[in-house]
Amino acid sequence: MNTQRVLVVDDEPKIRMTVRGYLEADGIHVIEAADGPSALQSVTRDRPDLVVLDVMLPGLDGFQVLRRIREASQIPVIMLTARDEEVDRLIGFTTGSDDYVTKPFSPRELALRVRAILRRTDSRPEAAHEDDMLRFDGLTVDPETRTVLVGTDRTVELSALDFDLLFAMARAPGRVFTRRGLLTQVWGEDFFGDERVVDVHIRTLRRALGDDANAPRFVGTVRTIGYRFVGRPA
C-alpha cells in the first residue's frame, strides 16, 4: 500500500511542525507549504491525497487557493480558520472544502479528521457499472465518473464529499437519513466533530443543484430528524 501524502499549508512554522508530528505518527507522508502560491505548486507537483489549508495565508488566501484547486481537482481539503464566524465556514464550504477546524485546535482532533477522510476516500470503489448510474427527473448521478448533470446539459461541480453525500441519499430515494446516519455513511464511523456540518453541506449541495429548500426537487428536510432524497425516478 502506498504511503498517503498530506499537504499542510500554514504560514506559522510551529503549527506545521506540530501537525506534521501527529500525521507522521499515523504513517502519513507530510508536505509543507507556507503561502498560497507554494501550496498550488505543491498540489500540481506532489499530488497529495489531502490538503490541510489555512485561511489566512500570504500571497493568496486559503479561499483563493481552494477555488483554484477545485478548478482542476476534487482532492479533499480541510480548512483551518482562526475566525469563528459562520460566514467564514459557509464561504469555505461554498468553494468546496470537505471539513473545517477552528484555531486554536487540537492536533489530535485534526489528525483524526484527516485519517477519517483519507479512509473514506481510499475505500471508494475504483469503478462502477453502467447500471449504477442514477437517473431522476431533472438529475443524473454517475458514480463512475463522479459527475452530476442537472437537466440535460448543466454539469454541476461538487466537492468529493458533497458528491458522496448526494450519492448516499440518491441510492435510497424516500429514505429518511438522520444527521448521524449521514455522518456514518459519508464521513465515516470515526467522524469527530459537530453534527451540524451536515446542514452546511446540504445547503451547499442544494445551492449547486439549484434546489429550493422550501419546494425541493431533490433534497428534502425532515424536520427535527434529518434529510431525504425526494427526486422522482426518470
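The values are calculated or read from the model by the stated rules, or taken from the named source; none is laboratory data. Small disclaimer: the values here were computed from a predicted structure and weren't measured. Glycine also receives a Cβ, built like all others from the backbone with ideal geometry; neighbour counts cover every protein chain displayed. Areas reflect the complete protein model, heavy atoms only, side chains present, ligands, DNA and RNA absent. Shrake-Rupley method; radii C 1.70, N 1.55, O 1.52, S 1.80 Å.
Just one of the listed residues (Gly174, Gly231, Gly220) is over 25 Å from Val114 (Cβ atoms), at pLDDT 90 or above, in contact with a Lys or Arg (Cβ under 8 Å, 6 or more places away or on another chain) and not in a loop (DSSP other than H, G, I, E, B), and it is Gly220.
One line per residue, one yes/no per condition, for (1) touching a Pro at 6+ places or on another chain (Cβ under 6 Å); (2) free of Cβ contacts under 8 Å to residues at least 40 places away in the same chain; (3) exposed (fewer than 14 other Cβ atoms within 10 Å of the Cβ):
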| residue | (1), (2), (3) |
| --- | --- |
| Ile202 | no, yes, no |
| Ala208 | no, no, no |
| Asp212 | no, yes, yes |
| Thr221 | no, yes, no |
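Would you check which residues across region 130-150 are out of contact with any Leu (no Cβ under 8 Å at 6 or more places or on another chain) and either modelled with pLDDT of 90 or more or crowded, with 20+ Cβ neighbours inside 10 Å (or both) and list them? Matches in region 130-150: Leu134, Arg135, Phe136, Asp137, Gly138. Tallying residues that are more than 20 Å from Ala72 (Cα to Cα) and either open to solvent by less than 10 Å² (accessible area, probe 1.4 Å) or under 21 Å from the mean Cα position of the chain (by Cα) (or both) within region 32-52 yields 1. Restricting region 76-116 to residues that are surrounded by fewer than 21 Cβ atoms within 10 Å (Cβ to Cβ) and more than 21 Å from Ile15 (Cα to Cα) leaves a set whose member that is modelled with the highest pLDDT is Thr95. Among the candidates Asp194, Asp199, Asp162, the residue that is within 16 Å of Ile117 (Cα to Cα) and either part of a helix (DSSP H, G or I) or in contact with a Cys (Cβ under 9 Å, 6 or more places away or on another chain) (or both) is uniquely Asp162. Among the residues of region 53-75, those that are open to solvent by 50 Å² or more (accessible area, probe 1.4 Å) and more than 20 Å from Asp164 (Cα to Cα) comprise Met56, Pro58, Gly59, Asp61, Gln64, Arg68.
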